[in-house]
Amino acid sequence: MDIEKILFIDIETAPIVYHYNELDEITKDLWNKKWQYNKEVSPEIQYNKAGIYAEFAKVICIGFGYYKRGKYYLGAFSGPNEEVLLNQLSEFVSSNFGTDNHVLCAHNGKEFDFPFLCRRYLINQLLLPKILQIQGKKPWEIKHIDTMELWKFGDFKNFSSLNLLAHIFGIPSPKDDMDGSMVAKTFYEDNDLARIEKYCKKDVTTLTRVYNRFVGMQNLSDGEIIFV
């Protein structure tokens, strides 16, 4: 695989509204029904997990990294307007990663990042970028790489976080300032998108370094990163 054909991405998401009691009645009822068979934890407490469900959450940051002419570039789209972010991603992908030879890479991307993005594009009534149009394709026709899947080596019961792989590979942790559980608070209470974007970019850099280890590439140093 040509490393310059790969777009490394990571997304950060937040609930559509911060608190359970801010949901409109229809949405609240649908959320409640989602958890109706869980008698141990109330739907209100379960709302702490809302940020991972595309029906009840939105994208607030999309980090991306890529190699071009031997150099590594790192950037992000972030902001409160999800439609703007998704359109920015579409324009960027169409201009730079729009052929059948281009590939998306994320950690746990096949379970989270890729389907979450697809669902939010549809909810916002936007056309999916070509690289996310996977309907009707055979598994080997889908141009997606998932580093968590690479680490499984066929072991379907194995779940390993990006942070864990970074640790065992001797790569700096992306969670030195915050982690995913803090994103909603940082977005809604602190209004600190810059911190979220910085965290997202760290995840993309770590993802790239982990992938490089899989393919035997030289480690990507901080000094080699060009911010865009």
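The values are calculated or read from the model by the stated rules, or taken from the named source; none is laboratory data. Owing to the predicted nature of the structure, the values given are computational and were not obtained by experimental measurement. FYI the Cβ positions are ideal-geometry reconstructions off the backbone, even for glycines, and counts take in every protein chain you see.
Observations, loosely collected:
- Within the range 163-197, the set of residues being within 14 Å of the chain's Cα centre (by Cα), assigned to a helix (DSSP H, G or I) and either among the charged types (D, E, K, R) or at pLDDT 95 or above (or both) comprises Val183, Ile196, Glu197.
- Lys58 under 30 Å from Ser90 (Cα atoms), basic (Lys, Arg) and not in a helix (DSSP H, G or I): yes
- Candidates Tyr73, Tyr18 - the one that is over 25 Å from Gln125 (Cα atoms), in contact (Cβ under 8 Å) with a residue 12 or more places away in the chain and not in a helix (DSSP H, G or I): Tyr73
- Only one of the listed residues (Lys34, Lys39, Lys28) is among the basic types (Lys, Arg) and modelled with pLDDT of 95 or more. That residue is Lys28.
- Pairs with Cβ under 7 Å, 6+ apart, first in the range 177-198 and within 11 Å of Ser78 (Cβ to Cβ), second at pLDDT below 95: Arg195/Met178
Table: residues versus (1) surrounded by fewer than 16 Cβ atoms within 10 Å (Cβ to Cβ); (2) not aliphatic (A, V, I, L, M).
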site: Arg120; (1), (2): no, yes
site: Gln135; (1), (2): yes, yes
site: Asp146; (1), (2): no, yes
site: Phe153; (1), (2): yes, yes
site: Ala166; (1), (2): no, no
site: Gly170; (1), (2): yes, yes
site: Lys175; (1), (2): no, yes
site: Met178; (1), (2): no, no
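- Those residues of the range 76-90 which are free of Cβ contacts under 8 Å to residues at least 24 places away in the same chain and in a strand (DSSP E or B), in sequence order: Phe77
- Contacts under 6 angstrom Cβ, first residue in the range 103-128 being more than 16 Å from Glu82 (Cβ to Cβ), partner assigned to a strand (DSSP E or B) and hydrophobic (A, V, I, L, M, F, W, C), 6 or more apart: Val103/Ile6; Val103/Ile145; Leu104/Leu7; Cys105/Ile6; Cys105/Phe8; Cys105/Ile145; Ala106/Ile9
- Residue match in the range 52-62 (condition: crowded, with 19+ Cβ neighbours inside 10 Å, basic (Lys, Arg) and in contact (Cβ under 8 Å) with a residue 24 or more places away in the chain): yes
- Criterion violated by Lys185 - all others in (1) surrounded by fewer than 20 Cβ atoms within 10 Å (Cβ to Cβ); (2) in contact with a Gly (Cβ under 8 Å, 6 or more places away or on another chain) satisfied: (2)
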